[in-house]
Amino acid sequence: MKARLWLTLVLITIPSLAAAQSCIPVTKCGTISAPGNYCLSPGGQATFTSSGGDCFAITAPNVTLESGGQETIQGAGTGAGIHVLSGATNFAMGLFCPIIRGFNVGIEDDANGARFGNSNDCPTRTSNVNYGIYFNNVSGSQYAGGNSLNPGVEGRDAAVWINGGGHNYITSDEPMLNFQQQFFGGGAIGIHIQGSSGNVVYGIAATNSGQGIFIEGGSGNLIYNNRVTSNGIGIRVKVNAPGNYIVGNDATGNSTDDLFQGTSSTSVGCNGDFWLNNTFSTANQSCIQ
């Protein structure tokens, strides 16, 4: 009941992504240092290339960035494709369709309250060296991905890394429909929550990783209605992370364990975590449901 109420409150309070009515054209990689509505120009199949470091660095608050088609943002192995620095609060990525690839991080958010999203019509792919999306000690930020027809978010270490902070939100454009859920995976971890509390991961597909969803440190995180399959371990909560809610997930077809709590020792039990109404075949603790 607590998990359901919490999710309802989260969905009510998260603001919708704003669409810019007019925009300031951005024609190459660089720094956006003034508030306003910006769009990549030209749209279509244009490529924006960084020879090193960040491509788009956002330093001002109240910036909206959109695209006019399926552009490519190409990196050289370092920096971030889009980097929202700590002072750039209330950043919004509206209708955004590019392929972001070749950076150390596809999207890095250092500012509270950032909103990243795309619609089902946008075949966005975020495929980068270490992390697809990195929430760096922030609160109140959200990423709403596209759907299962889109290539999804990938990174060698993690598709999504939420490190510190809390009360962030990861979801898909159509989270209630399994065939519409955005893919996250392709590396060591699909969704990694580390030392962070009160986050929500809702209605995504975590696949093809060593661990689909992994929580270490932090409490009060809600993992709800996700499809977690074709990983080594499906969903894992480490022993140092009590008081989390893992509810209503479809975690089947993972090679080691579908659901894994804490340690291989059965004496640990569920350690104050709540595993409820999940679909699975294998679990390491009898208290997991």
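The values are calculated or read from the model by the stated rules, or taken from the named source; none is laboratory data. Please read these numbers as outputs of a predicted model, since none were measured by experiment. Glycine gets a Cβ as well: all are built from the backbone with ideal geometry, and neighbour counts include every protein chain shown.
For the reader, a short list of remarks on this structure follows.
- Residue list for region 161-213, restricted to those being modelled with pLDDT of 95 or more and β-branched (Val, Ile, Thr): Ile162, Ile189, Ile191, Ile193, Val200, Val201, Ile213
- Only one of Thr256, Thr252, Thr282 that is in contact (Cβ under 8 Å) with a residue 24 or more places away in the chain, touching a Phe, Trp or Tyr at 6+ places or on another chain (Cβ under 7 Å) and farther than 19 Å from Tyr169 by Cα: Thr252
- Residue that is nearest to the chain's Cα centre (by Cα), among those in region 73-84 that are buried (at least 19 other Cβ atoms within 10 Å of the Cβ) and assigned to a loop (DSSP other than H, G, I, E, B): Gly79
- Cβ-Cβ under 9 Å pairs, at least 6 apart or on other chains, region 92-110 side more than 13 Å from Val153 (Cβ to Cβ) and in contact (Cβ under 8 Å) with a residue 12 or more places away in the chain, far side among the aromatic types (Phe, Trp, Tyr) and outside any strand (DSSP E or B): Asp109/Phe91
- Residue within region 116-132 that is at pLDDT below 95, within 22 Å of Ser33 (Cα to Cα) and not aliphatic (A, V, I, L, M) present: yes
- Sole exception among (1) closer than 19 Å to Gly152 by Cβ; (2) at pLDDT below 95; (3) surrounded by fewer than 22 Cβ atoms within 10 Å (Cβ to Cβ) for Val268, by number: (1)
- Selected residue (criterion: modelled with the highest pLDDT) from residues of region 137-156 that are in a strand (DSSP E or B) and buried (at least 20 other Cβ atoms within 10 Å of the Cβ): Gln142
- Yes/no for Asn208 being surrounded by fewer than 21 Cβ atoms within 10 Å (Cβ to Cβ) and closer than 22 Å to Val153 by Cβ: yes
- Every residue from region 47-62 that is more than 16 Å from Met93 (Cα to Cα) and assigned to a loop (DSSP other than H, G, I, E, B): Ser50, Ser51, Gly52, Gly53, Asp54
- Restricting region 40-72 to residues that are of a type in the set (Val, Ile, Thr) and more than 19 Å from Ala144 (Cα to Cα) leaves a set whose member that is surrounded by the most Cβ atoms within 10 Å (Cβ to Cβ) is Ile58.
- Verdict on Phe96 being at pLDDT 90 or above, in contact with a Ser or Thr (Cβ under 6 Å, 6 or more places away or on another chain) and either surrounded by 23 or more Cβ atoms within 10 Å (Cβ to Cβ) or part of a strand (DSSP E or B) (or both): no
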